[in-house]
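A.B. asks: My structure is below; once you've seen it, I'll send some questions.
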Amino acid sequence: QYGVAVTEGPNTAKKVIQDLLKEVGLPFTIFYTGIFAEFLSHFMGYNFEEGYMTVVGKGETPFSITSRTDVGRFVAHVLATAPKGELAGAKLPFEAERLSPMQIAALAEKKFGKKMEIRHVDYEENKKNYNTDFVAFLTTLFEDGRGCPGTEQEVKETVAKFFPDWNPAPYESFLA
């Protein structure tokens, strides 16, 4: 499983699958990663080329971002090197970094040398579509502060324990 630990709204299927795995006794490990860096612009309504970003609420709450390549490297390393006993039923939060929409805007402005227009979306209006619209679900979670796979300490401990030399790409490298 990827993403965040939330198992409500469009993510209810994740909880059903977790419960089913427990019920039938299959060992599993859950990897929580945050949003994939490669999909961030699409899901969040960031159009750097045209110079605008759609931001729900104030846009000051950081959320987790990790590239698919870095997720693959981390998961492969953990599965190949960690003792099986440490993985059965484990929930492992990790991330490349945490950034808020406003921090991303600042990175984009620096990289592209132009001011980003911030198009704010009302949080309460966005939240009305939480259960039926995946983008509204994600952006509501992020603005609520639930867009991280765990606390910063939990993430640091997971990386230190399972892949201390992991060196993920920063989100800035995906700005195009």
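What follows draws every value from the coordinates through simple rules; no lab data is involved. The structure displayed is predicted, hence computed values, not measured ones. Glycine gets a Cβ as well: all are built from the backbone with ideal geometry, and neighbour counts include every protein chain shown.
A.B. asks: Which entries in the list Lys58/Lys91; Lys127/Lys161; Lys58/Lys114 go over 27 Å, if you measure between the two C-alpha atoms of each?
C.D. replies: Where the Cα-Cα span goes over 27 Å, the pairs concerned are Lys58/Lys91; Lys127/Lys161.
A.B. asks: Which peptide among 19-26, 42-49 comes first, and what is the full order, when sorted by highest mean count of other Cβ atoms within 10 Å?
C.D. replies: Result, highest mean first: 42-49, 19-26.
A.B. asks: List the relative contact order of the chain as a percent without decimals, with contacts defined as Cα pairs under 8 Å and 6+ residues apart.
C.D. replies: Across the chain, relative contact order equals 33 percent.
A.B. asks: Let me ask another. Starting from the Cα gyration tensor of segment 1-144, take the square roots of the eigenvalues, sort them a ≥ b ≥ c, and report rounded, prolate or oblate (rounded when a/c is under 1.5, otherwise prolate if a/b is larger than b/c, else oblate).
C.D. replies: oblate
A.B. asks: What is the extension gain from Met102 to Lys114, computed as 0.36 nm multiplied by their sequence separation minus the C-alpha to C-alpha distance, in nm to one decimal?
C.D. replies: In short, 2.9 nm is gained.
A.B. asks: In what sequence, highest mean first, do 64-71, 86-93 appear when ranked by Cβ atoms within 10 angstrom?
C.D. replies: Put in order of decreasing packing, that is 64-71, 86-93.
A.B. asks: Something else: FRET efficiency for Glu154 and Ala176, Cβ-Cβ distance as r, R0 = 25 Å, nearest 0.05?
C.D. replies: It comes to 0.20.
A.B. asks: A further question follows. Suppose R0 equals 22 Å; then what is the FRET efficiency for Lys161 and Phe28 from their Cβ-Cβ distance, rounded to the nearest 0.05?
C.D. replies: The computed FRET efficiency comes out at 0.75.
A.B. asks: Report for segment 9-174 the percent antiparallel among DSSP-assigned beta bridges with both residues inside it, nearest 5.
C.D. replies: For segment 9-174, the DSSP antiparallel bridge percentage is about 35.
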